[in-house]
1. Can you tell me how many residues within the stretch 44-85 are surrounded by 18 or more Cβ atoms within 10 Å (Cβ to Cβ) and basic (Lys, Arg)?
2. If a residue has to be in contact (Cβ under 8 Å) with a residue 12 or more places away in the chain and within 25 Å of the chain's Cα centre (by Cα) to count, how many in the stretch 101-110 make the cut?
3. With respect to Arg12, determine if the residue is within 24 Å of Lys177 (Cβ to Cβ) and at pLDDT 95 or above.
4. Using beta carbons and a limit of 6 Å, which pairs, at least six apart or on different chains, have the first residue in the stretch 137-161 and outside any loop (DSSP other than H, G, I, E, B) and the second one surrounded by 16 or more Cβ atoms within 10 Å (Cβ to Cβ) and of a type in the set (Val, Ile, Thr)?
5. Out of Leu196, Leu209, I need the residue that is over 25 Å from Ala302 (Cα atoms), of a type in the set (A, V, I, L, M) and outside any helix (DSSP H, G or I). Which one?
6. Here are some conditions: (1) surrounded by 20 or more Cβ atoms within 10 Å (Cβ to Cβ); (2) modelled with pLDDT of 95 or more. Met102 meets all but one. Which one does it not meet?
7. Filter the stretch 300-330 down to the residues that are of a type in the set (A, V, I, L, M) and part of a helix (DSSP H, G or I), then identify the one that is surrounded by the fewest Cβ atoms within 10 Å (Cβ to Cβ).
Amino acid sequence: MNSSDTMPAASRQLMTELQSAGLRLADPGAGAASRRGGAGPSDHKAVTVDGVTIMVPVHTNTAWHSPFTASAPDANGTSALMRGSIPVANIRFPKAPRFYAMQTLDGVPYSHIATLHSADVLATTVLQTCIRYESRRKACKFCAIGQSLAAGRTIARKTPEQLAEVARAAVLLDGVKHMVLTTGTPATPDRGAQILCDSAFAIRAAVDLPIQAQCEPPDDDRWFARMKASGIDTLGMHLEVVTPALREQIMPGKATVPVSRYMAAFEAAVAVFGRGQVSTYILAGLGDTADAILATSRELIALGVYPFVVPFVPISGTPLEDHPAPAPEFMKSVLQPLGAMLSAAGLRSADIKAGCGKCGACSSLASYEV
């Protein structure tokens, strides 16, 4: 989703509501397959509303009780979106990408190596295992990184050669515009930076595709220059939760890297990648107050970091699967002032070179940039 000064307020509100409440489908097979489990966005389906493609929960407990339903698509691929018995909009489901029909020489389906997020973003979890996830005591309670691996929908380690092959095909066949490389955290002090460097170098040798890498802050800030030199354009280091006590409760392993280390890493990374080219995910609805999220966002913006605030999605099979999704009113209370703060600081999603903030499909934040 790109920022739009002319987006009708009703469309912006509808997207915010859909991402909180989710959607029930009369034809679950319409369009590209939905994503279940994995590193995220999980239990979602891509939906185009008023010309903007967003990710909407369809497999969560919240979605099963959503007031929104989508009819089976007509001959033109258009579905009627209903709130109860009242039609509120026409929506579309993007088609499955053509590169999904291909496989590597050793028989691995391309869709097991990387997937299409939204309309034109390729994404992969390079390392589908994580030292946090492997320990029930340390695991992030919202995380489903192991589910897609257990279900046989992906492989544990994508090689640089596989990623380069799939990225090139996705660009040539489906017009992919940028790529996200994320990783589970390995048991190394660089926290995955080396794996991301190796992957990006191979991809950029094969195809001219802007790349965002995502990992926890590495032990040494010199990794940021190495990542930039490998072909990585933007960097995501994800706080997810901003209140220290909540971080320890919800993600005890990841909370051992304190917020102060993230802030120092953000400052160092911005010096390498530039203002607006470093971002962080914040999951709204896990207990952080709107004031806490906005206060942290203000600090991040001052550093030149784009705070990508998204509604928490309770993923089936995780300890927080029954945790309520945030209300649309709560999301608006965060996104509206945050959008104004970003615009005032000149940090706009459209100016990000690659990654989640540029895509924007998991949050309606970009529509609030004015």
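The values are calculated or read from the model by the stated rules, or taken from the named source; none is laboratory data. Every value quoted in this text rests on a predicted model; they were computed, and no experiment measured them. Note: ideal-geometry Cβ built from the backbone for every residue, glycine included; neighbour counts use all protein chains shown.
1. Matching residues across the stretch 44-85 total 1.
2. Total meeting the criteria: 3.
3. Values: within 24 Å of Lys177 (Cβ to Cβ): yes; at pLDDT 95 or above: no.
In short, no.
4. Going by the 6 Å Cβ cut-off, the qualifying pairs are Ala144/Ile315; Ala144/Thr318; Ser148/Thr154.
5. Leu209 is the lone residue from the list that is over 25 Å from Ala302 (Cα atoms), of a type in the set (A, V, I, L, M) and outside any helix (DSSP H, G or I).
6. Failing condition for Met102: (1).
7. Pass one, the stretch 300-330, residues of a type in the set (A, V, I, L, M): 300-303, 305, 309-310, 313, 315, 320, 325, 327.
Okay, now just the ones that are also part of a helix (DSSP H, G or I), so 300-303.
Working: Leu300: 25, Ile301: 20, Ala302: 11, Leu303: 16.
Checking each candidate, the answer is Ala302.
Residue by residue, here is whether (1) in contact with a helix residue (DSSP H, G or I) (Cβ under 8 Å, 6 or more places away or on another chain); (2) surrounded by fewer than 23 Cβ atoms within 10 Å (Cβ to Cβ); (3) under 23 Å from Phe201 (Cβ atoms) holds:
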{"site": "Pro87", "(1), (2), (3)": "no, yes, no"}
{"site": "Ile131", "(1), (2), (3)": "no, yes, no"}
{"site": "Cys143", "(1), (2), (3)": "no, no, no"}
{"site": "Ser148", "(1), (2), (3)": "no, yes, no"}
{"site": "Lys158", "(1), (2), (3)": "yes, no, yes"}
{"site": "Arg168", "(1), (2), (3)": "yes, yes, yes"}
